[in-house]
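Asks: Have a look at this one before I ask anything.
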Amino acid sequence: MAKNSIETQKNPITYSKSGVNIDEGNRLVSDISDITESTSINGTNAKIGGFGGIFDLKKSGFKDPLLISSTDGVGTKLQLAIKTGLYFNIGIDLVAMCANDVLAQGAQPLFFMDYYATGKLDRKVAIEVIKGIAEGCKESGCALIGGETAEMPGHYQNNSFDLAGFCVGAVERNKLLQPNNVKEGDCVIAVSSSGVHSNGYSLVRKIIDTYSIDIFQKSDFDKTKSFSEIFMQPTILYTNAFLAANKDDRVKSVCHITGGGLIENPPRSFSRNLTLNFNMENYQMPSLFEWIKEKANISLYEMLKTFNCGIGLLIFVDKSDAKSVINDINNVGYDSFLIGSMEENKLNKHVVFDGWGF
């Protein structure tokens, strides 16, 4: 028998030698206990570490609820998070991408769980991500009730890791938002985004690589901020905007602008016999998106199909409620404005952009 085969038999191959440090994972659970407890709401059990997260729906005050769930990640924005070290921000993004989708059917986000997978666990990085997740949960009014941290050497290289999230919300059965709630003549309110949010980053990263942009330098279009600050701005949590808008059940439908931009997302929120007429006569696309359009050398249509272009959420209301809804949303710290109206679908187009030529 070969000498190295004998030595192999004599030396134990432990889990830690294969690259998985269980003790480090256990220390992480201990470190984040206070973080998760800070997100507790009515219905949660603050302790983590069990086989499943517990939520008591009865204690949350619903009478006849429907559960609405959403799962998502943050796409290749994660690559910029690793490059910039802005891990807290990406944690907020993760919650926002899920919790904002739950809002689109009128549900209040209740609880959130995360999945964090890496080649080698860096506890400091993981804690910073989870702090961001906890902040996102607080901003959306839901609780972080558990998650999974997976150490997978050989699958993820070096400092690379991946994130996924899962959010569950609830809405009273008779208050579920559905596409057929929207009628001809209804108004559409836009709520501004904070930037790119978490969609379109493969294109953004391609621009950065193509032009060899130093993301730590001040940007061309905003000399007060670096490219990294601008591109890593977290996705806005829209829970409080929705709650303010839906006072007295004024909201008919909601659209979260994610992948597919302002072309593909809005039709998910109203019936096929209607067209959303965006009034773009007085709308100025933020300079960030103008810069992306110029650098990528793409059409306005392609921009609108890829990015939110400055609008992160659409809220559909009766014309008589539009002014008061806008005031109420702005009074809780958001920037909202009238962006369009619903018309009969005469041209077999679900969205048109009046003032932008199509």
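Asks: I'd like the residue in segment 284-336 that is among the aliphatic types (A, V, I, L, M) and part of a loop (DSSP other than H, G, I, E, B) and, out of all such residues, is nearest to Glu139 (Cα to Cα).
Replies: Val332
Asks: Okay, moving on. For Val251, all conditions in the list (1) surrounded by fewer than 17 Cβ atoms within 10 Å (Cβ to Cβ); (2) under 30 Å from Lys175 (Cβ atoms) hold save one; what is the number of the exception?
Replies: (1)
Asks: Quick one: Tyr283 ticks every box in (1) over 21 Å from Gly106 (Cα atoms); (2) touching a strand residue (DSSP E or B) at 6+ places or on another chain (Cβ under 8 Å); (3) crowded, with 22+ Cβ neighbours inside 10 Å; (4) of a type in the set (Phe, Trp, Tyr) except a single one, so which number is it?
Replies: Tyr283 satisfies all of (1) over 21 Å from Gly106 (Cα atoms); (2) touching a strand residue (DSSP E or B) at 6+ places or on another chain (Cβ under 8 Å); (3) crowded, with 22+ Cβ neighbours inside 10 Å; (4) of a type in the set (Phe, Trp, Tyr) except (3).
Asks: Quick one: Val129 ticks every box in (1) touching a residue at least 60 places away in the same chain (Cβ under 8 Å); (2) in contact with a strand residue (DSSP E or B) (Cβ under 9 Å, 6 or more places away or on another chain); (3) surrounded by 20 or more Cβ atoms within 10 Å (Cβ to Cβ) except a single one, so which number is it?
Replies: The number of the failed condition is (1).
Asks: Scan segment 217-242 for residues that are in contact (Cβ under 8 Å) with a residue 60 or more places away in the chain and either aliphatic (A, V, I, L, M) or in a loop (DSSP other than H, G, I, E, B) (or both) and jot them down.
Replies: Of everything in segment 217-242, those that are in contact (Cβ under 8 Å) with a residue 60 or more places away in the chain and either aliphatic (A, V, I, L, M) or in a loop (DSSP other than H, G, I, E, B) (or both) turn out to be Ser219, Asp220, Phe221, Asp222, Met232, Gln233, Pro234, Thr235, Ile236, Leu237, Tyr238, Ala241.
Asks: Additional query: If I ask for residues that are surrounded by fewer than 23 Cβ atoms within 10 Å (Cβ to Cβ) and in a loop (DSSP other than H, G, I, E, B), which ones from segment 105-120 would you list?
Replies: Passing the criteria: Gln105, Gly119, Lys120.
Residues checked against (1) of a type in the set (Ser, Thr, Tyr); (2) touching a strand residue (DSSP E or B) at 6+ places or on another chain (Cβ under 6 Å); (3) at pLDDT 95 or above:
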position: Ser320; (1), (2), (3): yes, no, yes
position: Val325; (1), (2), (3): no, yes, yes
position: Asp335; (1), (2), (3): no, yes, yes
position: Glu344; (1), (2), (3): no, no, yes
position: Val351; (1), (2), (3): no, yes, yes
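Asks: Hey, another quick one. Being under 15 Å from the mean Cα position of the chain (by Cα) and farther than 17 Å from Val317 by Cβ is the filter; apply it to segment 209-239 and report the residue that is surrounded by the most Cβ atoms within 10 Å (Cβ to Cβ).
Replies: Restricting to residues being under 15 Å from the mean Cα position of the chain (by Cα) and farther than 17 Å from Val317 by Cβ, the top hit is Thr235.
Asks: Residue by residue through segment 54-88, note down the ones that are of a type in the set (Val, Ile, Thr) and either without any contact (Cβ under 8 Å) to a residue 40 or more places away in the chain or in a strand (DSSP E or B) (or both).
Replies: Ile68, Thr71
Asks: Can you tell me which of Asn159, Asn180 is assigned to a loop (DSSP other than H, G, I, E, B) and over 19 Å from the mean Cα position of the chain (by Cα)?
Replies: Asn159
Asks: Follow-up question, since we're still on this one. Which is touching a helix residue (DSSP H, G or I) at 6+ places or on another chain (Cβ under 8 Å), at pLDDT below 95, over 21 Å from Ala170 (Cα atoms) and of a type in the set (S, T, N, Q), of Thr36, Thr76, Thr118?
Replies: Thr118
The values are calculated or read from the model by the stated rules, or taken from the named source; none is laboratory data. Keep in mind that what you see is a predicted model, and the values were worked out from it rather than measured. So basically every Cβ, Gly included, is an ideal-geometry build from the backbone, and we count neighbours across all protein chains shown.
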